[in-house]
Structures are given as C-alpha cells and as structure tokens.
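Down below is the structure, laid out as structure tokens.
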Amino acid sequence: MTGELKTKLIETKKAWARAGRLLTGKTAEHGVDRLPPGQRLVENWPVLDLGIQPHVPRDDWRLSVGGLVETELAWGWDDLLRQPQVEMVSDIHCVTQWSRYDNRWTGVTTRHLAEMVTPKPEARFVLLSAYDGYTTNLRIEDFLDEDCLLAHAHDGEQIEREHGGPVRLVVPRYYFWKSPKWLKRITFAAEDKPGFWEERGYHNVGDPWLEQRYE
Ligand SMILES: Nc1nc2c(c(=O)[nH]1)N[C@H]1C(S)=C(S)[C@@H](COP(=O)(O)O)O[C@H]1N2
Ligand SMILES: [Mo]
C-alpha cells in the first residue's frame, strides 16, 4: 500500500451527500440522453480513490469469486487472459459530475464469469472488494448487464495503476463508484450489504439518469 487515507476528502464527500449537493432535480432517460442530468463532459480522465493506490503486480494479482455459487474460483492474470476476451466501448459517469465518453475496455464479461461459477438461485446481490480495502455492492442483474466487464486494458493499453490496474470492474450504467479498481474479491449473496460510499450517504443503486447520487 502507498498513500494515506484521504480523510478530508471522505468527510467532504459525506457532507455533499447530506446536503444533496449537485442535485438538479431532473431525470433523463438512459438511451435517449447520452449525458445524464447534472453531468459535464471532460476530455481528460480524473483519478479518484481514497488516497491509497495499491501496487499489485500482474503476477501477484488474484481474483477470488465465491459466496452463493456452485463452483468457487480463483483467477490469476494468466487465467483471466485465457478466458474469452471482448472489447466494449462505454461512457463513464462519476458522481462528482464529470462524464467521459467512448472508453474502449478490453477484458472478460461478468456474464462469462457467472457462467464459470454458476450463482445459486438465492444469490440476488454481488459484493465487491478491492486491494485498497474499498467495497461496493450491486444488484445481481446490474452486475450481469451486457456491458459489464472485468477490464485489464483501456484504449488498447494495460490499465494504469492509478486507474485500477491490473484489473478493475466496469459497470457503465451506474455512477463510477460502482466500478471498483484493483478488484480482489466477488461475493454472490442473498442479502445486500452497503459498501464504502453507500455507507456514507451515497445511493444504494446509483443510476445517473435518475440522478441517484445520494440516499
Ligand atoms: N478500489 C477502489 N475502487 C474505486 C474507488 C476507490 O477509491 N477504490 N473509487 C471509485 C470512484 S468514487 C470513482 S469515481 C472511480 C474512479 O475511477 P478512476 O480513478 O479510474 O477515474 O473509481 C471507483 N472505484
Ligand atoms: Mo466517484
């Protein structure tokens, strides 16, 4: 681990949630309006994290998948590359108001991963944790959307450490805090469990077109 936890940033973002900052009161329709309400387009790619950017060499990276599944699995870097690879282009929407269009991700779809582990029928949520201790949660159907993937490359280059390399999750339909960097563990569960930002006033679902910034 390097860096210190950004306690001030975390306190500020908690206060924004309490105050409902940045809310426009508008909603929009996904698939009709490309830019969700209250968002502005950026060309650069901001870096957001809790102040800790873990250094996980590719050869040390392990992803474990378990909980309510028929077959648990643990993948290393080579295992991930041996799975069917896809390329998908999607937009990023961060709750701090920036959006970034046309990100070309390479990796393995969450649907393929689910085929490998076979979630049990009782599994309704997916709990995610990362090498910096970050956590977040998704409804299983959102995790299994067709555009979700475990990504190891962005615009044809390996994902840089600051953006979550070697492997991050990408869930384009929701605010980007639902896309953990430095992905470590995926747990299928019957019960939901709020993650880091969800426990600090951020919305449990986080749909940008419904402006679900805060709970
Ligand atoms: N492991 C981990 N993943 C994380 C975060 C984090 O702090 N740790 N921050 C989230 C937030 S709030 C955002 S906006 C995006 C930022 O990703 P980026 O730095 O690649 O833009 O990562 C999300 N995933
Ligand atoms: Mo964010």
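Readers should treat all values here as calculations from the given coordinates under stated rules, not as data from a laboratory. These numbers were taken from a predicted model, which means no experiment stands behind them. A quick note on method: Cβ atoms are made from the backbone with ideal geometry, for glycine too, and the neighbour counts reach across all protein chains shown.
Some observations on this one:
- Theoretical ellipticity at 222 nm over the chain - DSSP helices of four or more residues, -39500 (n - 2.57) apiece, nearest 500: -4000 deg cm²/dmol
- Mean separation of Cα contacts under 8 Å, 6 or more apart, over the residue count of the stretch 3-210: relative contact order %: 25
- Whole-number percent relative contact order across the stretch 73-189, with pairs defined as alpha carbons under 8 Å at least 6 apart: 28
- Under the convention that each Lys and Arg Cβ holds +1 and each Asp and Glu Cβ holds -1, the size of the dipole of the chain around its Cα centre is about 720 debye.
- With semi-axes defined as the square roots of five times the eigenvalues of the C-alpha gyration tensor, the equivalent ellipsoid of the stretch 3-210 measures 26, 19, 18 Å, largest first.
- Checked against a 32 Å cut-off, the cross-linked pairs LYS13/LYS193; LYS6/LYS120; LYS8/LYS120 give Cα-Cα distances beyond that limit for LYS6/LYS120; LYS8/LYS120.
- Our note on the geometry: Cα centres of the stretch 132-205 and the stretch 39-65, 10 Å apart.
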